[in-house]
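Heads up, the thing below is written out as structure tokens.
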Amino acid sequence: MVAAMMLMPPHEQMYQALVERDGSFEGLFFACVRTTGIFCRPTCPARKPKPENVEFAASAQDALSRGYRPCLVCKPLSEGAGDPPWFAALLASIADAPDVRLRDEDLRRRGLEPVQVRRAFKRRFGMTFQAYQRALRLGTAIRALRDGAGTLDAGLDAGFESASGFREAFERVFGVPPGRAQQHAVLMARPIDTPLGPMVAIAGEDGLELLEFLDRRALERELATIRNRLQRAIVPGEHPVLDDTATQLREYFDGTRREFTLSLKPRGSEFQLRVWSALCEIPYGQTRSYAEIARRVGSPAAVRAVGTTNGRNQIAIVIPCHRVIAADGSLSGYGGGRWRKQWLLDHERR
Ligand SMILES: [Zn+2]
């Protein structure tokens, strides 16, 4: 996930770089074209999409997991310093036929050692070869589902050999079989791009439940906890709260919004809810210490518990846990990484 941690340039700048085919942006972002489902390098010689049809990804892995296929013209996956000589050809063959599942014996037949293949994928994408293929297939299936394809067609088109294989993979990710995903009482999830990398937002009729950076380590566990506690599935989709979240986050990053007016539904103990609500009272651009928050919630001795609760906040940025720092003024920890905490505090002081 190293690549996804990279800071992406502002949206307008990326679009301009894309139009100008600016080579200095190579590797900083990938352009995903909604109308074609293809993702490209900034320098791709193909005709450039309209701004409203582009979304940006910090890494190829991120683009793949959103259901985009690598462009056959600029081959965004096929070049990398230090890659073994066979790597580019293998990537190209997966891109050409994402529905063909390559097993260990298939690799050996091509003269490749599965262990080396796994190592190369781990290094380049932070995941195994199998996981990479799965992500590519599942991403394609999710995209097709979102576009209204029938469940079975979506799965089979994405290269799952059987309906049950697709159902299994889908259920592992979303907690319900694909057929029930649309009808059931579910929580809706959508990715939101930010200058600090992609986030995921989850909302239901009670409000925003989660807003986290996609590369946060605890994310999968948090999703599982939400699913289990609420007995609800999480599926990719649209929701007014998610639209508002995306809009207000964009305004926040543009510097035009200092307060969020979203309906929030954080889930936690009575103490945790008190702490999170105290965090929301810290004004934009200011910081508080853990001890100050502990006093604020009427439990002056509970400094450590306040620290833990601060770290358990699942609605990043909107519940501003980044505004709590150590008593000596040092940053202290942050679930999304300290570099993001520093960035957010600097941004609010600008
Ligand atoms: Zn391209």
For the pairs Lys122/Lys341; Lys50/Lys75; Lys50/Lys265; Lys75/Lys122, note any where the Cα-Cα span goes beyond 30 Å. Lys50/Lys265
Å² of accessible area per residue within the range 29-70, as computed with a 1.4 Å probe and no ligands counted: 36 Å²
Mind checking the full-extension length gain between Trp343 and Ala46? Use 0.36 nm per residue of separation minus the Cα-Cα distance, one decimal, nm. 103.4 nm
Give me the extension gain from Arg229 to Ala92: residue separation times 0.36 nm, minus the current Cα-Cα distance, reported in nm with one decimal. 45.1 nm
So if each residue of separation counts as 0.36 nm, and I subtract the Cα-Cα distance between Arg34 and Arg350, what length gain in nm does that give? 110.4 nm
Calculated FRET efficiency for the pair Ala301/Arg108, C-beta based, R₀ 51 Å, to 0.05: 0.25
Once you have the Kirkwood Rh of the range 265-332 from its Cα pairs, apply Stokes-Einstein at 20 °C and 1.002 mPa s and quote D in µm²/s. 184 µm²/s
Ranked highest first by the average count of other Cβ atoms within 10 Å around their residues, in what order do 52-58, 316-322 fall? 316-322, 52-58
Label Arg250 and Ala218 with points 7 Å out from Cα along Cα→Cβ: what is the distance between them in nm? 3.0 nm
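The values are calculated or read from the model by the stated rules, or taken from the named source; none is laboratory data. Just so it is clear, the model here is predicted, and its values are computed rather than measured. Reconstructed Cβ throughout: ideal geometry from the backbone, glycine too, with neighbour counts over all protein chains shown. In case anyone asks, the SASA skips ligands and DNA or RNA and just uses the protein heavy atoms, side chains included. Shrake-Rupley method; radii C 1.70, N 1.55, O 1.52, S 1.80 Å.
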